[in-house]
Amino acid sequence: MNVCVLGAQWGDEGKGKIVDLLTPRFSIVARYQGGHNAGHTVYVSGRKFVLHLIPSGILHPGVICIIGSGVVVDLEALFAEVDKLAGMGVDVTGRLLVSDRAHLIMPYHREIEVLAEARRGERKIGTTSRGIGPAYEDKIARRGIRVGDLADPSNDGPLAHAIRENVEVRNRLVGDTAMKWESLLADLRQHWTRLKPLVADTSLHLDRAIKNGQRVMFEGAQGTLLDIDHGTYPFVTSSSATAGGASTGLGVGPKSIGAVLGVAKAYTTRVGGGPLPTELFDAVGERLRDTGQEYGASTGRPRRCGWFDAVAVRYAARINGLDALAITKLDVLDGFDTLEICTAYRCGNEVLTEMPGDTAQFAACTPIYETWPGWSEPTSGVTDYARLPKEARAYIARLEEVTGVPAAIVSTGSDRDHTIIRRDLPSAKGLY
Ligand code: GDP
């Protein structure tokens with residue numbers, strides 16, 4: 001069965017670790033959206049790997065990794081990541097494929113994004129300013145440049161014309177410096193020499209592989225609440241981080257997705273702007289941030305932290321059709337006397353049990369909590385569900401109840417081995 005692994009909250013849920021953990025059961029790991037704004041941190045036997053664009057499956061020899069057409073690719077970032085992996089002994093040769101239809105992030109996209117964020121002032125979205133949003137804007141506006149376009153060798157063909165037009169727009173927007181389209185084209189030609197062997201019709205590759213009985217894992221970046229259509233717009237990313245994005249972003253039929261696994265922390269975090277009803281501004285929030293090391297893998301920014309928001313995860317269950325949850329970072333909750341779970345929102349005189357679509361209304365929501373007893377024994381590194389303190393089991397059981405999704409995996413530490421796989425649950429069967 002092919003499985004889609006995605007974030008069920010606001011990103012940074014620990015997807016990298018879960019993808020890495022499940023990869024040995026799959027032949028291919030395929031990333032379907034986003035850019036190098038994602039940051040997956042994976043620890044293997046104490047060694048730290050941070051991946052931005054290349055699927056975390058690359059850490060397993062023999063596994064093919066695909067960057068699909070729904071991803072936007074910054075070639076400098078891609079090659080830097082390939083080189084960094086090589087330096088750590090991970091060879092991607094013959095194992096990394098990039099879709100010929102993926103759009104490219106150009107240097108002018110980065111500049112335009114910095115300008116746009118500055119213009120928004122107070123209302124800034126808190127993007128990573130890596131040009132991802134403007135690259136997607138160009139894609140939708142049908143002036144984007146795709147990986148396969150780089151094959152055009154002419155200095156007077158469609159590629160040169162498109163670059164020239166886009167650079168002219170950039171030069172009008174960024175008044176104080178001028179970019180030369182000829183030098184950008186020359187840089188792209190150089191990149192093409194290195195990129196060409198990796199380029200493929202990845203949809204066709206996946207189709208053939210699936211027909212040959214190979215198992216594919218579809219890897220999402222960011223999270224459901226950051227999805228362009230279903231997230232807390234406008235404080236969202238520019239792509240489809242939800243399960244539907246796997247189909248459009250990789251060119252595979254929706255029926256090829258056998259199961260959907262949502263990754264959710266045992267609490268809540270968010271980076272950047274936008275409403276977050278369970279956010280804590282007190283010592284508890286600080287403790288979650290410090291114990292959970294909640295600082296962005298891509299930018300180092302401190303993450304906003306709060307209690308588990310079951311309304312948001314229940315929403316993610318609906319949007320993605322989640323079959324199972326992987327609850328991560330349970331160990332971060334060790335030692336709290338009590339824990340809170342948000343089961344509904346109070347908004348004025350109303351009690352809401354579903355996420356409102358109106359962002360202003362969502363921002364005005366306050367959480368309605370249930371209080372659960374904490375546990376004092378450490379859960380860190382526990383690999384057997386029965387060995388968790390009974391309060392931790394009760395907490396997980398309640399998360400399952402209020403989200404309506406079984407927790408097939410519980411993560412108790414950053415290492416691959418610090419994981420509980422609940423093989424007795426039917427929802428765990430196809431995953432592992
Ligand atoms: P991703 O983008 O969803 O992969 O998430 P990040 O990599 O940005 O953040 C997850 C962080 O939490 C990484 O540093 C992981 O090593 C770490 N992590 C993952 N699972 C656990 C866990 O169960 N416990 C603890 N303490 N850390 C974890």
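Of the residues making up region 254-283, those that are away from the ligand (no atom under 16 Å from the Cβ), more than 17 Å from I341 (Cβ to Cβ) and not β-branched (V, I, T) number 11. Here region 16-66 is the region considered, the condition is being near the ligand (Cβ under 9 Å from one of its atoms) and among the polar types (S, T, N, Q), and the residue that is surrounded by the fewest Cβ atoms within 10 Å (Cβ to Cβ) is T41. Considering the conditions (1) away from the ligand (no atom under 16 Å from the Cβ); (2) buried (at least 21 other Cβ atoms within 10 Å of the Cβ); (3) part of a helix (DSSP H, G or I), T232 is excluded by exactly one of them, (3). For region 1-39, the tally of residues that are in contact with a strand residue (DSSP E or B) (Cβ under 9 Å, 6 or more places away or on another chain) and assigned to a helix (DSSP H, G or I) stands at 10. The residues in region 100-115 that are in contact with a strand residue (DSSP E or B) (Cβ under 7 Å, 6 or more places away or on another chain) and part of a loop (DSSP other than H, G, I, E, B) can be counted, and the count is 4. Scanning region 193-229 for residues that are surrounded by fewer than 19 Cβ atoms within 10 Å (Cβ to Cβ), in a loop (DSSP other than H, G, I, E, B) and acidic (D, E) returns D201, D229.
Close Cβ contacts (under 7 Å, 6 or more residues apart or on different chains) running from residues in region 122-135 that are at pLDDT 70 or above to residues that are surrounded by 17 or more Cβ atoms within 10 Å (Cβ to Cβ) and hydroxyl-bearing (S, T, Y) comprise I132/S238; G133/T127; G133/S238. Scanning region 381-432 for residues that are within 11 Å of the ligand (Cβ to nearest atom), modelled with pLDDT of 95 or more and part of a strand (DSSP E or B) gives I409, V410, S411, T419, I420. Has region 319-329 got any residue that is hydroxyl-bearing (S, T, Y) and under 22 Å from T412 (Cα atoms)? Yes, some residue in region 319-329 is hydroxyl-bearing (S, T, Y) and under 22 Å from T412 (Cα atoms).
Applying a threshold of 8 Å to beta carbon distances and a minimum spacing of six or more residues, or different chains, the list of pairs starting in region 284-308 at a residue that is farther than 20 Å from I327 by Cβ and charged (D, E, K, R) and ending at one that is near the ligand (Cβ under 10 Å from one of its atoms) and part of a strand (DSSP E or B) reads R301/Y295. On the stretch given as region 333-365, residues that are over 14 Å from Y395 (Cα atoms), in a strand (DSSP E or B) and touching a strand residue (DSSP E or B) at 6+ places or on another chain (Cβ under 7 Å) total 5.
Cβ-Cβ contacts under 6 Å between residues 6 or more apart (or on different chains), taken from a first residue in region 328-352 that is within 13 Å of I368 (Cβ to Cβ) to a second residue that is at pLDDT 95 or above and within 16 Å of the ligand (Cβ to nearest atom), are listed as I341/F308. If the condition is being in contact with a strand residue (DSSP E or B) (Cβ under 8 Å, 6 or more places away or on another chain) and surrounded by fewer than 23 Cβ atoms within 10 Å (Cβ to Cβ), then region 312-322 contributes A317, G321. Against the list (1) of a type outside the set (G, A, S); (2) part of a loop (DSSP other than H, G, I, E, B); (3) surrounded by 13 or more Cβ atoms within 10 Å (Cβ to Cβ), the condition I368 fails is (2).
Only a single criterion out of (1) closer than 14 Å to A312 by Cα; (2) buried (at least 19 other Cβ atoms within 10 Å of the Cβ) is not satisfied by G251, namely (1). Looking at T412, T359 in this structure, which one is closer than 17 Å to G262 by Cα and polar (S, T, N, Q)? Unique residue meeting the criteria: T412. Residues that are within 16 Å of V313 (Cα to Cα), in contact (Cβ under 8 Å) with a residue 40 or more places away in the chain and either crowded, with 16+ Cβ neighbours inside 10 Å or within 16 Å of the ligand (Cβ to nearest atom) (or both) within region 353-364 comprise M355, F362, listed in sequence order. Looking at this structure, is G245 within 16 Å of the ligand (Cβ to nearest atom), part of a helix (DSSP H, G or I) and out of contact with any strand residue (DSSP E or B) (no Cβ under 7 Å at 6 or more places or on another chain)? Yes.
When you scan region 40-49, do you find a residue that is modelled with pLDDT of 95 or more and not in a helix (DSSP H, G or I), even just one? For region 40-49, residues modelled with pLDDT of 95 or more and not in a helix (DSSP H, G or I): absent.
The values are calculated or read from the model by the stated rules, or taken from the named source; none is laboratory data. Given the structure is predicted, the values throughout are model-derived calculations rather than measurements. No Cβ is skipped: glycine too gets one built from the backbone with ideal geometry, and neighbour counts run over all protein chains shown.
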